[in-house]
Structures are given as structure tokens and as C-alpha cells.
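The values are calculated or read from the model by the stated rules, or taken from the named source; none is laboratory data. Source: prediction; values computed, not measured. For neighbour counting, all protein chains shown are included, and Cβ atoms are generated from backbone atoms with ideal geometry for every residue, glycine included.
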Amino acid sequence: MLKNIPYRDDHVERYLYSHDISAPPLISRFFKKADGIFQPECDEDVAEILKLSKTSKKPVIPRGSATSGYGGTIPVKGGYVVDFSRMDGFEIDEEKKLLIAEPGAVWWDVEEKLNRKGLTLRVYPTSAPSSTVGGWIAQNGYGVGSLKYGSIAENVERLRVADFEGIKETGSIEFYAGLEGTTGIITKAWVKVKDLEDLRYYAFHVDAGRAAKLAHSGDHYSALFLSREYVKMKNQVFDDQIPEKDTLVIATTESMNGDEALGEEIWETRFYPMRIKRLGPGIIPAEVLIPGNRLGEYLSKISGFGAGSEVWFLNNGMCSVLSFLPYDERKTGYALKWRFSIKALKIAKKLGGKSYSSGLYLSKESPMLYAPFDELRRYKKKIDPENLLNPLKVFPEGFMPFIMALAEVFS
């Protein structure tokens, strides 16, 4: 379609590129399929795709590995999906301790090369073996290392982005991080890294309240809490024999009075919490941010539904909580059970929490996630007056905010 830019539009690929890892019942059947898939190889290719979008009035939807479940990469209105798998190059500035990466670079590929140079990422996602640099910045994710270094946005020095005005570099990270390509498409990122440290991993069988205090008791790198219900699920997935108790693991350079062998065992399986889905069809996830001092209350209510939770502690006193409710989607009533994720968010907000992200499904939550949101909305209208950059995501519009608000009322 565009000379020298790889393009695909067969039925199967259009179908595959029109989904992410989420599968909400009923709603998804109203989404359109992608018109086609571009795989750019450089900034100039991205600029050409945007020119085509503008002349054809078809949306562009940037896509990394689609490991998020918020609908951010779904072409709800059709249009062109921009798959960045061919833009996966990166380099390391050892003197400045910077990673300079294209959007399709995979985090764990980066980490392995950094380690060989005596460096390491400050933060990375639990989906690092497949998650991409551009995708995680576009969602402004939290993960491993966020106890000390915060979100990925707090660790980005500058970005190169493409929009309908051209390609530019900027240090105004807040106009792009977490906005899922709605204000511009990331084509390169400068990310801070650090010296590689000899970390130790300690496990503690403590409740959520005690876990929050221990996590913030020193200058620790990262802290992970697993509820008893989650440990039980984890044992089934990884064929482990971890004691089925509430368990905290702290990654630190300090010496602590914890179970180091168990801590290392759990740390080695920190990637891909979504592997819990291997337990069978119908694992329903819910992801929220909760104040650390209300974590115990939240988990108590969630466990009442039979859900298990994984918790990462953050540097701002909050916690990132990913919970799973097992339920066979082949059974009658699965659509009603799927409301668990909405119920979890409702509970979280009553305790001073909020959604982890917004994307398509939770765009109505964006004013509470991004500040100042009115300024971001004005920027979106200025840079994308025809709303062709990943429409219906982040900025609430259309039918989805109404549906999700209604679902929350009746959850």
C-alpha cells in the first residue's frame, strides 16, 4: 500500500491484530477489525503511515506486544494497526547511563545486554520477556523496581514522537506516557539505567499490613506480596511447593532476617503473572492502585470473591494490585462474573484507590489518572483535530464510558 513499508491485510492477520490479551464478553463483538497492518522499519515509515491516515481519514493504532488488557491496541473503529516489531533496535550509552531504544525493543533483551555491561534497568514490567519499550511507556506502567524508582515515566529522560505535524523530540514526557498513542506515536525513548547491584531476596510470611510496613522499612529495590489464594494458584501453574500463606518478598542490597532460599525461588517466577490463565478458561483479572495502608482491607474484600492477588509496592505509598478470579467462561453466567473486575475497581475507589490504567475499557477513569487532564485534552484536540490517533482510548467518548459506568452501578 505504501512503497517499501511491509503491509498485511489478509483476513486471519486482521483478526489477530484486532485483539489483545483481554476478552470481555458481549462488548468485543461490536468492535471492527483492522483494515490492515503496517510494520514500519524507521521514523520516516511512521511519518508516511500518518500521512496516509490523514488523507484516508482512517485511524492509526500503535501496537507493541499487546500484553495489556485494557483494549489500548484494539482498532475499535477499524483503521491501520502499526506493529513495531521491526523497529526493535537499541543502544546503550554507558557513560550517561542511558538506554536509547526504538519502540519495539523488548525489555528483557535490553536487560540482558545491559547486564553484560555491568548495568541494569531501574524498572521493568513483569511481562519483560515480551513487553516492548514503547508499549510500556505508552501505558506508563509500574513493575519490578517501582518501590525505589516509580513508574517508567519517572525514568524516561526524553522521547521522539511522530504526529500529524511531523517528528520531534521532547522532554515533556507527561504528554505521552500513559496516553497510549492518542497524542503522538513514540518512535524512540531515552531511558535511565543504573549500575548492576548484587541483590538478595528475602521472603516473609506476613499479612498485607505488615508487608506494607516491611516494604518501606529501608532503601529496598523492589517488594512483591502474594496473597495465600494467589500462592495456591501459582503452585498449580508452576508446579511449585511454596507454603500456601500470605508471602512478602523483598529484593534489596541490605541484610534482612527473612527466608532467602524461598525468596529466591519466588523471585525467579516473578515474570508473567498472566500465566495464571493456564489454570483454565475464564480467569478474570482486575488491576488497581491502592494506598499501602488500605491494602489489607482491599485484599480482604477481594479474597471474599475467591480471588488471589499479586501486589507490587510503589515509591509513592501506593500498591499495584493484580487479582485473579477463576471462573469457567463456558459456564452460564460468565458475563456476570466478568463484572468482578468492575466490582474490584469500585471497592478500590472507596478505599482511596484508582484504576491502574484506562485504555479503551476504563477511559472514564482518565480524569482521575492523568493531571492536568483538561490540558491533555486540549493538546489532543490541537495535535489530532480529527481524532485519528488511537480513537476511543484514554479520552472518554462513544459508548464505552456509558457502558462501564452502568456496569459499575450494578456491580
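Could you please let me know if Val46 is over 19 Å from the mean Cα position of the chain (by Cα) and closer than 21 Å to Ser357 by Cα? When the stated conditions are applied, Val46 does not pass them. Residues in region 302-317 that are surrounded by fewer than 16 Cβ atoms within 10 Å (Cβ to Cβ) and either in contact (Cβ under 8 Å) with a residue 12 or more places away in the chain or touching a Ser or Thr at 6+ places or on another chain (Cβ under 9 Å) (or both): Gly306, Asn316, Gly317.
For region 125-139, the condition holds for at least one residue, the condition being that it is touching a strand residue (DSSP E or B) at 6+ places or on another chain (Cβ under 9 Å), assigned by TED's automatic domain parsing to the domain that holds Ile173, in a loop (DSSP other than H, G, I, E, B) and buried (at least 24 other Cβ atoms within 10 Å of the Cβ). In region 248-266, the residue that is surrounded by the most Cβ atoms within 10 Å (Cβ to Cβ) out of those that are part of a helix (DSSP H, G or I) and of a type in the set (Gly, Ala, Ser) is Gly263.
Taken over region 195-214, residues that are crowded, with 17+ Cβ neighbours inside 10 Å, more than 16 Å from Ile266 (Cα to Cα) and either touching a residue at least 60 places away in the same chain (Cβ under 8 Å) or not hydrophobic (A, V, I, L, M, F, W, C) (or both) amount to 3. Return yes when Lys97 is out of contact with any strand residue (DSSP E or B) (no Cβ under 7 Å at 6 or more places or on another chain), at positive phi and at pLDDT 95 or above and no when it is not. No; evaluated as a whole, the condition is false for this residue. Could you tell me which residue of region 77-119 is nearest to Thr187 (Cα to Cα), considering only residues that are charged (D, E, K, R) and assigned to a strand (DSSP E or B)? This residue is Asp83. The listed residues are Pro40, Pro62, and the only one of them that is touching a Gly at 6+ places or on another chain (Cβ under 7 Å) and modelled with pLDDT of 95 or more turns out to be Pro62. In region 28-43, the count of residues that are outside any helix (DSSP H, G or I) and closer than 26 Å to Pro273 by Cα is zero. On inspection, Leu262 fails the criterion of being within 20 Å of Leu299 (Cα to Cα) and in contact with a strand residue (DSSP E or B) (Cβ under 6 Å, 6 or more places away or on another chain).
Taken over region 217-227, residues that are surrounded by 15 or more Cβ atoms within 10 Å (Cβ to Cβ) and more than 11 Å from Lys245 (Cα to Cα) amount to 5.
Here is a yes/no grid of residues against (1) farther than 21 Å from Glu180 by Cβ; (2) surrounded by fewer than 24 Cβ atoms within 10 Å (Cβ to Cβ); (3) more than 22 Å from the chain's Cα centre (by Cα):
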site: Lys57; (1), (2), (3): no, yes, yes
site: Asp93; (1), (2), (3): yes, yes, yes
site: Ile100; (1), (2), (3): yes, yes, no
site: Trp108; (1), (2), (3): yes, yes, no
site: Asn115; (1), (2), (3): yes, yes, yes
site: Gly118; (1), (2), (3): yes, yes, yes
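For region 239-251, the tally of residues that are under 17 Å from Leu214 (Cβ atoms), over 24 Å from the mean Cα position of the chain (by Cα) and of a type in the set (Val, Ile, Thr) stands at 0.
Going by what's in this entry, would Gln236 be described as modelled with pLDDT under 90, farther than 16 Å from Leu322 by Cβ and assigned to a loop (DSSP other than H, G, I, E, B)?
no
Scanning region 279-288 turns up no residue that is assigned to a helix (DSSP H, G or I) and free of Cβ contacts under 8 Å to residues at least 12 places away in the same chain. Scan region 211-222 and tell me whether some residue there is closer than 28 Å to Leu248 by Cα and of a type in the set (D, E, K, R). Yes, some residue in region 211-222 is closer than 28 Å to Leu248 by Cα and of a type in the set (D, E, K, R).
When region 60-70 is examined, which residues are found to be farther than 17 Å from Val46 by Cα and either among the basic types (Lys, Arg) or in contact with a Pro (Cβ under 8 Å, 6 or more places away or on another chain) (or both)?
Matches in region 60-70: Thr67, Gly69.
Taking region 65-87 as the range and being among the aromatic types (Phe, Trp, Tyr) and at pLDDT below 95 as the test, only Tyr70 passes.
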